[in-house]
Each structure stands twice: as C-alpha cells, then as structure tokens.
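The values are calculated or read from the model by the stated rules, or taken from the named source; none is laboratory data. What you see is a predicted model; the values in this text were computed from it and never measured. All Cβ positions, glycine included, derive from the backbone under ideal geometry; neighbour counts span all protein chains shown. These accessible areas exclude ligands, DNA and RNA; they are computed on the full protein's heavy atoms, side chains included. Shrake-Rupley method; radii C 1.70, N 1.55, O 1.52, S 1.80 Å.
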Amino acid sequence: MLVKELSRLIGAEHVLEAPPGSPYNSDLARRRGLHGHADAVALPGSAQEVAQVLAWCYEHDVPLTPRGGGTGLTGGAVPTAGGVVCSLERLRAVRELEPALWRMLPEAGVSTRDVQRLARENGLMFAPDPGASEQSQIGGNVATNAGGPHTLKYGVTGAWVAGVEVVLAPGELVEIGGWAGKDVAGYDLKSLLIGSEGTLGVITAVRLRLLPRPESALASVLFFASAKEGCDAVMQVFAAGVMPSALDFVDGETLELATRSFPGEVPADARFALIAEVDGSAEQARTARTELLESVAAGLLSVAEPEPEALWRWRDGLNPLVTGTLGGKVAEDVVFPVEHLAEGLRRFHRIARENGLRSCAWGHAGDGNVHANVMVDPESERDTLAAEAVGERLMDEVVELGGSISGEHGLGSLKAGRLASQWPARTLQLHEMVKRAFDPKGLLNPGKKLAR
Ligand SMILES: Cc1cc2nc3c(=O)[nH]c(=O)nc-3n(C[C@H](O)[C@H](O)[C@H](O)COP(=O)(O)OP(=O)(O)OC[C@H]3O[C@@H](n4cnc5c(N)ncnc54)[C@H](O)[C@@H]3O)c2cc1C
C-alpha cells in the first residue's frame, strides 16, 4: 500500500522496497550492528516531489527518514522506526554557480566532492573537507554540520551556508536565508536546520558561500616525546598568534602502528605528532610556517615535510590500518576544550586499559576534536561490551572536562538522548520545544538526536 501510494506521487520506478540487506536500511553505523527496516524508499526527483512525499507521510502518520550519502557514523539515516526513507540522490543539479560572486547553489544530493571540484575548477574553494567526500552529499553535510581538518581556520559547514531550501512539515517547500550579505531581521532559523540531522525538515538545496583559493599551503609534521608536550605546543601556536589552516594530531599508540607507512622518518622516541598546515600567499604561508615552528621549538623532537598528498593519504589510511589490527574498531567522536586535550586523552586510554582494550586516537588538535578508537575482535561479545562501556565512561569524562559528546558525527541513533548529560534541563526543554514546533507529529526521523 505504501509503495503503491508513493508510486502514484513520484512514479513506480522511483519507489523501492527495502528487504533485509538493502543499503537503505543502514548507514555506516552498521559496523556497530545498527540496522533499521524501511517500509519503502522514495527517490524523489525534485524539491516539489520531496514536499509531496512528506505531505503524504504527514497525512498518514508515517515516519520519514531523510537520507544523503549514507556515510553517517551514528545511524542518523537508519530507519529505526520503519516508514519511508526519503533519499535525496536524484537531486543533483547545480542551480547556480557564480564564481565572480563566490557562491554556488547545489541541490541537496550533489556530492561533497563535486561541490569541492566545481569550486576548484573556478579558482575557488569550498572550505569544509569532511572525510567521506566522494559519497557524502552536501545536504547530508549541512544536516550534520560536518567539519574536517580545515575547520580550525575556516569553520564547519554551517559557516558557509547562506540559506537553505527545505521541506517542512506538513509538506511545505520553504526558503530560509538568501544571498543578502547580512540579515539579522529574524531568529536564526537557518542555523536551527544546520546540524538538525533530518529531525526538523528535509533540505533540498543549499546556498553556499565560497572563497578564493589560497595560493599556497605548506604542511609539516611535528614530533613530540609525549601527548602533554604535543598538546602544550597547540596552545603555544595560538599564543604566538599563528592561525594554521589545519592542526591535526596522531597519538603515540597510533604512531606505533603507522610508523612503517609514514612517508618520512619518525623519531624512535616520538609519542605524539601534530600535522600543521598553513596557507595564504606563498610569502604568507612561508612566514606562518617559520612562526609556527618557532612557537613550538622548545618541546620539538623533529620536523618532517612530506609531500602533501602522501601525507594526507597516510592520515586517511589510519582508519583501515587500525581496523585491520584486530579486525574491528569502535570509534567515538568527542571534543575536549583544547587546554584539557592532553588530560582527556590520558583518561580515554586509562578507561580503555581498565576495560581490557587496546586504544589509539587521532583528530583535530586545534579544535580539541578526538576520534577515540578501541580495537576489537568483531566476533568477540566481550570486546563489543567492553567497547560500549568505554564509550559510556568517556562521555562522562568529556562532560566533566567541559567538552562536547559530538564534534562531527552528530548524535543520530547511537547517541540519541545523550544531550541531557551535556546540556542543562531548561536548554534541553527548549530543544524539545523547537522539535515540536517544526514537527508536531514527531514523524521526522523519529528516535534520533533528542529522543531515546
Ligand atoms: C571514512 C569517513 C570519514 C568521515 N569523516 C568525517 C569528517 O571528517 N567530518 C565529519 O563531520 N564527518 C565525517 N564523517 C561522517 C559523515 O561522512 C558526515 O556526517 C556526512 O556529513 C554525512 O553526509 P551524508 O550525505 O552521507 O549523510 P547521511 O549519512 O545520509 O545522513 C546523515 C544525517 O543527515 C540527515 N540528512 C541527510 N541528508 C539530509 C537532507 N537532505 N535533509 C535533511 N536531513 C538529511 C540524515 O537523516 C541523517 O540524520 C565520515 C564518515 C566516514 C565513513
């Protein structure tokens, strides 16, 4: 009945069944055993069709889960309550591209990689650089407010969104924001939708601001004898007034595993590395690199300057390398205030040890954003339970140190309901009121973000 009704709206060839094993029943949280079951998958071909699908769901009390590229790591796109998965994959047009005005208006289903490529081909840059860019969609990036290494200087996706076209309950297509350079007339509804993980509306197109591409980017790897010295160096960089375009870290446990594949020399006593990138004109980048190296000289063991492509390939290879160690890993995405990064890492490793698991971490040091990994044998129930216990305790430590339970991947399904541990009761109540105002029937991506 569901498939038949949706077929009437958008054509039978654009409505799918989702038997067990269908990719539409899961995202990358399937690595943590999370699967849902959609009663139907709708592939609308226009924003108007998205509005028709949501209107039908709203009228018939059917849950709707928006889906982008399905690269989410917290189960945000998993239809845990059944109903309709609304995939944006056919909304792939770039409606406007105005290089001289530094802006672009892609539909939600355009891949992040294509947005970046189009900007580059026009001498510009779309600054956010989340990891799974070939498969993730710009709508998904906005819905999760995705970040990446260059967030430190350039901000998260939301910093580049001038407006969104969105389908709101009970099925209305609405424009929020626009190309005006400034707009303080209303409440900031655009920012409510950014990072809302499909719980407030379905984004169908995004007004993006772009930047002229910096002439030069110089990357260096700085090795330290301890996490403490490496994290102190981050603050020394800031104190010196240098703004790197990226300041990532790789901890000692990860270095141990990845020394052989590093494109250069790793000192034998290195227990922490910072990947520092500076950009600007060729002259600005050179000066910034000199200043950055001077600011951290006291604790530095050595500096490597591999070819940038090889360096970032090595960085991207950490994930599969660590996964391969025991066959699986469980990763938590958390943020510590930068001054507590070393202490946060110390506590994480202690908790993992106490639970009998090997651990390692990397992430964006300048933001205090940590990808905290424990290695598991995926066949071992003991390991799976221990990994969950590590995650639980880590969240408590994060909150105690004044951090955030998510810096990049959102709460989705896996961390749904956890906001209460981080935010005071009154602000949580306001979150719930916002949700009700946008989605009075609770049909938009139920069970995600706020709900348990
Ligand atoms: C290898 C790898 C590396 C990654 N690196 C990063 C990283 O560096 N930084 C980072 O932030 N994340 C990273 N991620 C996580 C993920 O890629 C991002 O969260 C990404 O933004 C998700 O986009 P997507 O299109 O795949 O969305 P999906 O996974 O399909 O959906 C994610 C959430 O957004 C909602 N959603 C999707 N599209 C829409 C829409 N059009 N309207 C409303 N809601 C929508 C879904 O309902 C869901 O709640 C990584 C993931 C992997 C697998």
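The sole residue among 448, 435, 415 that is within 15 Å of the ligand (Cβ to nearest atom) and part of a helix (DSSP H, G or I) is 435.
Considering region 9-95, the qualifying strands (runs of 3 or more DSSP E), each wholly inside and each with 3 or more residues that are over 20 Å from the mean Cα position of the chain (by Cα), run over 40-42, 84-87. So which residues in region 113-132 are touching a strand residue (DSSP E or B) at 6+ places or on another chain (Cβ under 7 Å) and within 14 Å of the ligand (Cβ to nearest atom), if there are any at all? 115, 126, 127, listed by residue number.
For region 149-174, filtered to residues that are in a strand (DSSP E or B) and either acidic (Asp, Glu) or farther than 24 Å from residue 444 by Cβ (or both), the residue that is nearest to the ligand (Cβ to nearest atom) is 165.
Pull up region 91-103, narrow it to residues that are aliphatic (A, V, I, L, M) and within 16 Å of the ligand (Cβ to nearest atom), then point me to the one that is least open to solvent (accessible area, probe 1.4 Å). Among those that are aliphatic (A, V, I, L, M) and within 16 Å of the ligand (Cβ to nearest atom), it is 91. The set of residues in region 186-211 that are open to solvent by 10 Å² or more (accessible area, probe 1.4 Å) and either assigned to a helix (DSSP H, G or I) or modelled with pLDDT under 95 (or both) comprises 189, 190, 191, 192.
The residues listed here are 88, 73; of these, the one that is open to solvent by less than 30 Å² (accessible area, probe 1.4 Å), under 13 Å from residue 140 (Cβ atoms), within 14 Å of the ligand (Cβ to nearest atom) and of a type in the set (A, V, I, L, M) is 88.
Scanning region 49-70 for residues that are among the hydrophobic types (A, V, I, L, M, F, W, C) and either open to solvent by 60 Å² or more (accessible area, probe 1.4 Å) or within 11 Å of the ligand (Cβ to nearest atom) (or both) yields 50, 54, 64. Apart from one condition, residue 420 fits all of (1) in contact (Cβ under 8 Å) with a residue 24 or more places away in the chain; (2) in a helix (DSSP H, G or I); (3) open to solvent by 20 Å² or more (accessible area, probe 1.4 Å); the exception is (1).
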